[in-house]
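Below is one structure, written out as structure tokens; the observations come after it.
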Amino acid sequence: MAKRVALITGASRGIGRATALALAARGWNIVVNYRNKAAAAEKTLAAIEKLGAESLLVRADIGLNAEHEKLLHETQRRFDKIDLLVNNAGIAPRQRRDVLETTAASYEEVMAVNLKGPFFLTQLVAKRMIDWLQAGKIVSPRIINIGSLSAYASSLNRAEYCLSKAGIGMMTKLFAHRLAEYGINVYEIRPGLIATDMTEAVKEKYDELIAAGLTPLTRWGRPEDVAAAVVAIAEGALPFSTGEVINVDGGFHLRRL
């Protein structure tokens, strides 16, 4: 069996980059998808290859369904299979607006990248995974969706983001149910407050909240924390689970009085 191949969307920075490096360190070959951060993507590729893995850069906008075929075609041409799809690419609204002021343009942009794109990319890749399974090219393929605590914790100034992540939760269940007969397990990893470019603008606010006990584990999460959960699933640590939500949030999801 050839080395396993992971396709990671939005892999040039943050959680995607950490995931790419963690898998590469375990012997996976990596397809690094990016949209507009070419220099960052090149650095990720160099870091992957330094770990001894092969890597392929593919520029594709996940929010545009027409670019999914390109992403899959280039991956197939180089590696001829995908063992793991990680739907990581995501964006926040360009401007935070009160839910009463959310614009249709912002809603459509965020939903296209965060939900519509992952849904139809997963549909496309899943069909090919079924073919590869039947051809004996892959064994126990997996799909991992990177969600967010915003799936259930409302933020009134970024409603479109919350809705997109709530949708990822149902998307995970739908594909987990549909693909179970083929042995393709589907998972959602739900990060909490992770120190990335996306959260840099609110760092000072959440530094104070975390110190005051917002999360039982009183620190920011790191991209590597999320990557560790991806690796556990990818390496087969949860073979009898599908449709499962894995919280990587410092305990934020816990309820207490």
Practice task
Report, ordered by the first and then the second residue, all pairs with beta carbons closer than 9 Å, sequence separation of six or more or different chains, a first member in the stretch 232-247 that is more than 13 Å from residue 183 (Cβ to Cβ), and a second member that is open to solvent by less than 60 Å² (accessible area, probe 1.4 Å) and acidic (Asp, Glu).
Solution key: 234/83; 243/188; 244/188; 245/188; 246/188
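Identify all residues within the stretch 229-251 that are surrounded by 20 or more Cβ atoms within 10 Å (Cβ to Cβ) and not in a strand (DSSP E or B); write none if there are none. Show your work before the answer.
Of the stretch 229-251, the ones surrounded by 20 or more Cβ atoms within 10 Å (Cβ to Cβ) are 229-230, 233-234, 242, 248-250.
Once the filter is applied, which keeps residues that are surrounded by 20 or more Cβ atoms within 10 Å (Cβ to Cβ) and not in a strand (DSSP E or B), the stretch 229-251 yields 229, 230, 233, 234, 242, 249, 250.
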Exercise for the section: Please verify whether the stretch 72-89 includes one or more residues that are touching a Gly at 6+ places or on another chain (Cβ under 8 Å), under 20 Å from residue 227 (Cβ atoms) and of a type in the set (A, V, I, L, M, F, W, C). Expected result: yes
Problem - Long-range neighbours under 6 Å by Cβ, at least six apart or interchain, first residue on the phi > 0 side of the Ramachandran plot within the stretch 1-15, second open to solvent by 10 Å² or more (accessible area, probe 1.4 Å) and β-branched (Val, Ile, Thr) - result: 14/196
Practice task
Kindly indicate which of 53, 112 is surrounded by fewer than 19 Cβ atoms within 10 Å (Cβ to Cβ) and of a type in the set (Gly, Ala, Ser).
Solution key: 112
Handout entry: Which numbered condition residue 225 misses (of (1) part of a loop (DSSP other than H, G, I, E, B); (2) open to solvent by less than 60 Å² (accessible area, probe 1.4 Å); (3) free of Cβ contacts under 8 Å to residues at least 40 places away in the same chain)
Key = (1)
Problem - Spans of strands (runs of 3 or more DSSP E) in the stretch 1-101 with at least 2 residues small (Gly, Ala, Ser), within 30 Å of residue 157 (Cβ to Cβ) and in contact with an Asp or Glu (Cβ under 7 Å, 6 or more places away or on another chain) - result: none
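The values are calculated or read from the model by the stated rules, or taken from the named source; none is laboratory data. All values derive from a computational prediction rather than experimental measurement. Here the Cβ is made from the backbone with ideal geometry for all residues, glycine too, and neighbour counts use every protein chain on show. Note: accessible area is taken over every heavy atom of the protein model, side chains too, but ligands, DNA and RNA are not part of it. Shrake-Rupley method; radii C 1.70, N 1.55, O 1.52, S 1.80 Å.
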